[in-house]
Amino acid sequence: MTTSIEAKLGSVRLAPGYSRWNAQTYLFAAFITIGMLAFVSFIQPYLLNANLKVPAGEQGRALGTLGFVNEIVSLLLVAPIGALSDKIGRRPVYALGFVWLAAGFFLYPLAQTFPQLLACALFFSVGVAAVGCMLATVLADTPQEESRGLFVGITGFCQGLGATLAVLVLGKVPQRLADQGMDAALAGRVTLGMAAALCLVTGLVCWVGLKQGTPSQIGEREPLRVLLKTGLAAARANPRIWFAYMLQFVSFADRVVIGTFFSARLQQTAIANGQTVAEAVSAATKPYVIANVSALLFAIVFGLMLDKMNRVTAGVVAMAVAGVGYIAGGFVGNPTSEWIVVVAVLLGLGQVCAIIASQTVLGQEAPQDVRGAVFGLAGIFASCGILFTTAVGGFLYDIVGKGAPFFVIGIVNVSIMIFGIYLLRSKSNE
């Protein structure tokens, strides 16, 4: 009798107890997870304009605050949610997370003041923490070790495709509804209702298709103090791990700039040029999608290049591309500009290169005996990148100028590039 122990998804060998259906369900959930998280960042400027009528000069700080509290809640809840999934299983936690997101999408357009919107964001963040934690946990559970790299690559492709299609499809809905005579606020409510319905369907799919039961092997969770001490000691012993931590920090900071401030700037510029709120969100969709498609396609090329080049060199190249992209992005924010396509492509390439480079440098340099602590501390650096960019970027966006967050992150990318070059020169002189 054939058992699920020998199950495969294409060339991916699945862990004992996992079926092809379990793996396919997870890939669909990954597709929707990142799609919904990308969409909520993209649509928030629309809510500030259409529902709350927040002045353009205050929107940067508003968006920064929303992003900051979301990350704080996620950081506080990720450990309890992980422990809960160890006790009751991944399936109910992932499914409930999507139901929670659906409720959040229904609540968002009901907010009439910024404190109400912030409360909705706090509520939504609980669902974000649940699906985000399960996205990483089920990814670790599903493949056998010899197929892990391939399955991670497939999952990354599904995530990138989800982010692209969610914004491409749902981002066009408000204008289509407005063209039929619907006012901007109601059009936003209907659009978010569609996102909520998609989350409910995905929650049902997760409940039906993910592996039942609790995990057979549960790794011991290190206390935060031990994780920090061990991860920092590894970096002091090997400066390349410091480089990987820096790459992790800036790659997630890049994601905030693209997901929050890039879309906000495009929408604000379109409105300032006389377009309606619905037309503005539609105009912002194209550059955003170009950035994501560029990242999606180049991820494959860059992944192949990594096998033929030094991993630190790859990080230096990633930082150079990202630095040029973000500094250029500081100058160009008009969705109708002839340069916007070039900037969008550079932003997408820089982001994906930084993400891939950080993971590959970590995988190569992290000592086997402290690997968990090194990757755990890298995750903390990623969260710090998000917190830094949402807090500082939002303030700079309003007070200094709309291009300021791009310039700051561009300078950070260039600084990390210089550190990488120093490491390469030090290695060559040994």
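Bear in mind that the values in this text are calculations on the coordinates, not laboratory data. Not measured: the values here are computed from a predicted model. Positions of Cβ are backbone-derived with ideal geometry, glycine not excepted, and every protein chain shown enters the neighbour counts.
Summary table
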| quantity | calculated |
| --- | --- |
| Neighbour-count ranking [beta-carbon atoms within 10 angstrom, fewest first] of Ser74, Ser282 | Ser74, Ser282 |
| Spin-label model distance (nm) - Met182 vs Val152, 7 Å beyond Cα toward Cβ | 4.1 |
| Contour minus Cα-Cα distance for Ser415 and Leu110 (0.36 nm per residue) | 105.5 nm |
| Options Ala373, Leu63, Leu396, ranked by Cα towards positive dipole end of the chain, top entry (Cβ charges) | Ala373 |
| When each of Lys8/Lys308; Lys87/Lys172; Lys308/Lys402; Lys8/Lys229; Lys8/Lys172 is checked by Cα-Cα distance, pairs over 31 Å | Lys87/Lys172; Lys308/Lys402; Lys8/Lys229; Lys8/Lys172 |
| Entry for Rg and Dmax of the Cα atoms in Å (calculated from the structure that is shown) out of (1) 24.8, 89; (2) 21.2, 70; (3) 25.4, 79 | (2) |
| Packing-based order for 288-300, 7-19, using average beta carbon neighbours within 10 Å, highest first | 288-300, 7-19 |
| Farthest positive-ward along segment 224-430 dipole, Cα basis, beta-carbon charges - from Ile418, Ala291, Val226 | Val226 |
| Rounded FRET efficiency, nearest 0.05, which uses the C-beta distance separating Ser337 from Phe123 and R0 of 45 Å | 0.75 |
| Relative exposure of Thr33, Thr313, judged by other C-beta atoms within 10 Å (fewest first) | Thr313, Thr33 |
| Simple Cβ-charge dipole of segment 14-214, Lys/Arg +1 and Asp/Glu -1, about Cα centre, in debye nearest 20 | 220 |
| Percent of Cα-Cα distances greater than 23 Å, calculated over segment 14-214 | 45 |
| Separation between Cα centres of segment 89-136 and segment 374-417, rounded to whole Å | 24 |
| Footprinting exposure proxy for Leu423, Leu170 (fewest neighbouring C-beta atoms within 10 Å first) | Leu423, Leu170 |
| Projected label distance in nm at Leu76 and Ala237, using a 7 Å step from Cα toward the beta-carbon | 3.6 |
| Computed helical MRE - 222 nm, the chain, DSSP H runs ≥ 4 contributing -39500 (n - 2.57), nearest 500 | -27500 deg cm²/dmol |
| Burial ranking of peptide ranges 182-192, 232-242 (average Cβ count within 10 Å, highest at the top) | 182-192, 232-242 |
| Point-charge dipole on Cβ atoms (K/R +1, D/E -1) for the chain, about Cα centre, debye to 20 | 280 |
| The chain: relative contact order in percent, alpha carbon pairs under 8 Å with at least 6 residues between | 24 |
| Under the span-like rule (Cα at least 27 Å along the axis, Kyte-Doolittle mean at least 0.5), DSSP H helices of the chain | 20-50, 59-88, 114-141, 148-170, 184-209, 277-306, 311-331, 340-365, 371-399, 404-428 |
| All-pairs alpha carbon distance profile, segment 32-122, 5 Å steps from 0, percent | 3, 12, 21, 24, 17, 11, 7, 4, 1, 0 |
| Overall dimensions of segment 224-430 as given by Cα atoms, namely Rg and Dmax in Å | 17.8, 61 |
| Dipole of the chain [Lys/Arg +1, Asp/Glu -1 at C-beta], most positive-end residue of Gly35, Phe261, Ala272 | Gly35 |
